[in-house]
Each structure stands twice: as C-alpha cells, then as structure tokens.
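Chemist: I have a structure here, written as structure tokens, and I will follow up with some questions on it.
The values are calculated or read from the model by the stated rules, or taken from the named source; none is laboratory data. Only a predicted model underlies this, so the values are computations on that prediction, with no experimental measurement involved. Ideal geometry is used to build each Cβ from the backbone, glycine not excepted, and the neighbour counts take in all protein chains shown.
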Amino acid sequence: MTHSVERASRVRLSYAGDQLSRMSGLRALMEDIAASTAGDRDGEWLNLSIGSPAPIPAVAEMWRELTRRAHAESFADAGQYGPSRGSPALVSAIADYFREHFGWRVGTENIVVAPGTQLLCFIAATLYAGPGRAGPRTVVLPMTPDYTGYQGMCMVPDGVAGVASPVIGEPGRRFRYALDLAAVARHRDAGMLLLSSPGNPTGRAVTPAEQDDLIRAAQRLDVPLFIDHAYGQPFPRIGPAPAPPAFHPSVVNCFSLSKLGLPGERIGFAIGPERFITPIVSCLSNSVLHAPRLAQAAVAAGLRSGVIDHVVATAVAPFYHQRRQLAERLLARSLPSDVDWRLHANEGGMFAWVWVSADWFDDLSFYERLKERHVFIAPGRSFFTGSPRPGGHATQCFRITLSVSEQALVDGIHSIGLALSAARPAQTASPGESRQPPGRPEHRKEPSR
Ligand SMILES: Cc1ncc(COP(=O)(O)O)c(C=O)c1O
C-alpha cells in the first residue's frame, strides 16, 4: 500500500494530467461518504447529497421494456462498432422528435450522441476553452452556483470562471439568484458559456428574456452558449422551464437521459449548429468512439413511440413536484424559526437549495455536524467557483436531494433542523428548545412527520 502511494507520488504528469487527476468538488465528498459508511448496514446513514434520480416504478418499467426490446431487436448492432455521431436510428429519431415538438429545422449534421452530457460538456470545454491561437480562453459559467461537475472540465488551472449571481431576498423565507449580464459581458476571455437550466443545485431556470440576453452575450463574445437541459425540457421536466430550448446559430443544447432514470447507461446528446457539433463528433471518435449502442436503440424506440413523453408527463414531473412540496413543508416545520434560513424560490429541480444567512454558519462545519448524526448533505461551496471567502455566501448554503425516499426526506430534514438548532450561538436559541446532542442518528427513532 505504502509502496503504491510512493510510486503514485513519483508519477510525472503533464499539465493537463495534473489538472485532470485532481478530485474536484463533490467527488471528494463522495470519497468521504464512502469511507464514513464503509462496513455499515443499509439504513444506518441518510444520504441527502446524492445526484441520482429517484427510482420511480413507472420509469423503471419503461426502461426495462425498452431495453428488453433493444436486446431482442438490436443486439446485432451491439456486436459492431458504430458511428461516432450516434446510431443512425437514434440520430434520426432525435431529429424527427425536435422537428415535431419544437418546429426546429434540424438535420443529422446538427446532432451528436455521447456517453452522457458530462462528457459532451467536457469535450466542449476542451475544444473551445484553454490555451489557443486567440490566447487563453475560459469556460464561463454565467450563473453560479451551478453544477459542480463543470469545475473539473478545464485542462488548465483557473480555466473555469464563475459569474456570481446577485442574491435577491423574497418574502416568506425565499430567495433567488439574478443574472448579472454586465459581469458576463466583461469576460472577454470567454471561450464558451455554460449553464444548467433548470439548474443544479438551485432548480433555477432561465426566463425567455434571460435566455435571449445570454444568446446576445454569446454572439458579442463570439463564443458558443451551451445550455444543459439535464433537468429540463422536453425530458425529464423536473420542474418548469419557462424558456423552451432555442435552436440558434450560437447555441448548443445538451440533453440527457440520466435524470430520466438511466444514469448508468450513459446517454446524452447535443443539438446545435453544425460548426460546433462536427468537432465534438471528431473528438468522440478520437476518444471513446461512441456511446453504448443497445442503450441508444432503447432511447430511439422511446422517442419514436412517445412512451418517454408519456412517462415524463404522468410520473416524473408529478413525482418531483410532490417531493418539492413535501420538502418545503418539512423545512418549514423542522428548521428553527429564529434562524434566517431561506429556500431558493420554487422553480423545480431535483434539489432543495438552502441558504442560512448567518455569519456563524459554515457549510463544511454543518456537513460535519450532520455526519455525526449519520446524515449527509452537499455543502454549498462546491457549487461556486474559486476559493470561498470565509463567512461569505458560498459558505452559507447546502443542497438536499429530493430523489431519496419520502421517509429519508422526513427523517433527514428533521435531523437538519436539530443540527441547525444546535449549531447556532446560544443567544439566538429559543428558551426551552430541544437540543439533541450529536452522535445519535435521529432517523433511527420515531420520525417526526
Ligand atoms: C446539470 C447537470 N448536467 C449534467 C449532469 C451529468 O449528466 P450525464 O449523466 O448525462 O453525464 C448532471 C449530473 O448530476 C447535472 O446535474
């Protein structure tokens, strides 16, 4: 063991290797969770930090049937390498789907299928940012906080720059982030703009006006705008997305089947102008060759038959809507009323994003406190770029996933309430309020509903 560690420390990495071999954001946290829970029985810990979709029975049933058919009908394809752009059956199903549902004049030259949206964005960052003939270019995230996975995408240090979103308080323990367009425009070194909408972690979706503004900003900077619809329209529709995806010469739209219950099969695709899509196809052919073919066959059949749309409308969208409402009720009931905590305004998404507006609150210390109670949340700082200012907004937030079981949500939010009450300084505590000592996982006891 020591030997291998010593050997690893002597490995000579390239600059890109140095960058890519770092564990970014939540990945490091996942290691901590795995180490903390190793050897423990299922149910001893509540993990409200995960990003996996909920196991919704109708969704599982749909994929089971679609993959069964793919095995029966398309197994011969899986025995052959396929085109890097994607299997012809899926590429044409995607083109027809977007022509029919969005009226886009989209051809196969505008489409690329890949093993997941994460890889598509990574490839885009490699192609459009970093050192180049026009000088060093950055991946600009126009609305941070945003998906923590974007931060590991650049092969050079400081290659990803986040634009801090101004915080706007709203009545009733709500807040939201605004788009600082002027700050986006100041990033003259941008090589691409990238955002998720609805976003992870906030569920915030761009409005039609904001989407138009971002498109104009991308045009002025002469860079592609990548919009990641992993939670949005047309699937999985986890929360409302007021701005429909735009087919535009400056926009590349990324879509994923992961949050629709298929994260392990790694299928995502991008639609955009041929000039941006073609280099991505080449990059796939130089790296992973193509996405898995049986899963592509299953997705093609799901799009053509309309079953994906049906399951999204009848099972996925209602499921997360109800979970969000439950989480709101539980937070209101469980979190201390004399602490200024706020929830990002309800625009959907797979997560609840909580801001504790108090100078004594620190997301990492809170993570540790909750760990003592056998509960994991995602500390907020991972979703912001750069080093957080101690006591600043980036250290005052945390994310709770809504895709866990209802009971886990009930018990987990109950524990979060207790931990927050215990964390606040004595003078802010209400007299007589219960302060359960840490070290006892409350979720093993009778849950408070
Ligand atoms: C915003 C966002 N984009 C992309 C991904 C990864 O998607 P995929 O599984 O398609 O690579 C995630 C996963 O959590 C995400 O939250």
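Chemist: Please enumerate the residues belonging to the range 384-396 that are on the phi < 0 side of the Ramachandran plot and either out of contact with any Pro (no Cβ under 7 Å at 6 or more places or on another chain) or aromatic (Phe, Trp, Tyr) (or both).
Modeler: 384, 385, 387, 388, 389, 390, 392, 393, 396
Chemist: If you check every pair at least six apart or on different chains, which have Cβ atoms under 6 Å apart with a residue in the range 76-88 that is on the phi > 0 side of the Ramachandran plot first and a residue that is surrounded by 16 or more Cβ atoms within 10 Å (Cβ to Cβ) second?
Modeler: Pairs found: 86/113.
Chemist: So which pairs qualify, if the first residue must be in the range 319-347 and touching a residue at least 12 places away in the same chain (Cβ under 8 Å) and at negative phi, the second must be assigned to a loop (DSSP other than H, G, I, E, B) and polar (S, T, N, Q), the Cβ gap must be under 6 Å, and the two must be at least 6 apart or on different chains?
Modeler: From residues that are touching a residue at least 12 places away in the same chain (Cβ under 8 Å) and at negative phi, the pairs are 338/430; 340/357; 344/202.
Chemist: Of all residues in the range 89-126, count the ones that are part of a helix (DSSP H, G or I) and without any contact (Cβ under 8 Å) to a residue 12 or more places away in the chain.
Modeler: Of the residues in that region, 2 qualify.
Chemist: Is there a residue being in a strand (DSSP E or B), within 16 Å of the chain's Cα centre (by Cα), within 13 Å of the ligand (Cβ to nearest atom) and at pLDDT 95 or above anywhere in the range 142-158?
Modeler: yes
Chemist: May I pose another question? Considering (1) free of Cβ contacts under 8 Å to residues at least 24 places away in the same chain; (2) in contact with an Asp or Glu (Cβ under 6 Å, 6 or more places away or on another chain); (3) not acidic (Asp, Glu), say which one residue 295 fails and leave the rest.
Modeler: Among (1) free of Cβ contacts under 8 Å to residues at least 24 places away in the same chain; (2) in contact with an Asp or Glu (Cβ under 6 Å, 6 or more places away or on another chain); (3) not acidic (Asp, Glu), the lone unmet condition for residue 295 is (1).
Chemist: Name the residues in the range 345-402 that are polar (S, T, N, Q), part of a helix (DSSP H, G or I) and surrounded by fewer than 17 Cβ atoms within 10 Å (Cβ to Cβ), would you?
Modeler: Passing the criteria: only 365.
Chemist: Here is a follow-up. Taking the range 55-73, which residues are within 20 Å of the chain's Cα centre (by Cα) and crowded, with 21+ Cβ neighbours inside 10 Å?
Modeler: 59
Chemist: Still on this structure: Examine the range 78-87 for a residue that is touching a Lys or Arg at 6+ places or on another chain (Cβ under 8 Å) and within 18 Å of residue 253 (Cα to Cα), and state whether such a residue exists.
Modeler: no
Chemist: Among the numbered criteria (1) modelled with pLDDT of 50 or more; (2) surrounded by 14 or more Cβ atoms within 10 Å (Cβ to Cβ), which one does residue 442 miss?
Modeler: Condition not satisfied by residue 442: (1).
Chemist: Taking helices (runs of 4 or more DSSP H) that fall entirely within the range 249-313, which contain at least 1 residues that are within 13 Å of the ligand (Cβ to nearest atom), farther than 21 Å from residue 200 by Cβ and of a type in the set (A, V, I, L, M)?
Modeler: Ranges flagged: 293-305.
Chemist: Hey, another quick one. Mind listing whichever residues of the range 44-91 are away from the ligand (no atom under 16 Å from the Cβ), closer than 30 Å to residue 409 by Cα and among the small types (Gly, Ala, Ser)?
Modeler: 58, 60
Chemist: Residue 325 fails exactly one of the following numbered conditions: (1) within 29 Å of residue 57 (Cβ to Cβ); (2) of a type outside the set (Gly, Ala, Ser); (3) surrounded by 15 or more Cβ atoms within 10 Å (Cβ to Cβ). What is the number of that condition?
Modeler: Here residue 325 clears every test but (3).
Conditions tested, residue by residue: (1) at pLDDT 95 or above; (2) closer than 28 Å to residue 42 by Cα.
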site: 308; (1), (2): yes, no
site: 312; (1), (2): yes, no
site: 327; (1), (2): yes, yes
site: 343; (1), (2): yes, no
site: 361; (1), (2): yes, no
site: 369; (1), (2): yes, yes
site: 385; (1), (2): no, no
site: 391; (1), (2): no, no
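Chemist: Does the range 180-202 contain any residue that is touching a residue at least 40 places away in the same chain (Cβ under 8 Å), in a helix (DSSP H, G or I) and within 16 Å of the ligand (Cβ to nearest atom)?
Modeler: no
Chemist: Just to verify a result, which residue in the range 204-232, among those that are touching a helix residue (DSSP H, G or I) at 6+ places or on another chain (Cβ under 8 Å) and small (Gly, Ala, Ser), is surrounded by the fewest Cβ atoms within 10 Å (Cβ to Cβ)?
Modeler: It comes out as 217.
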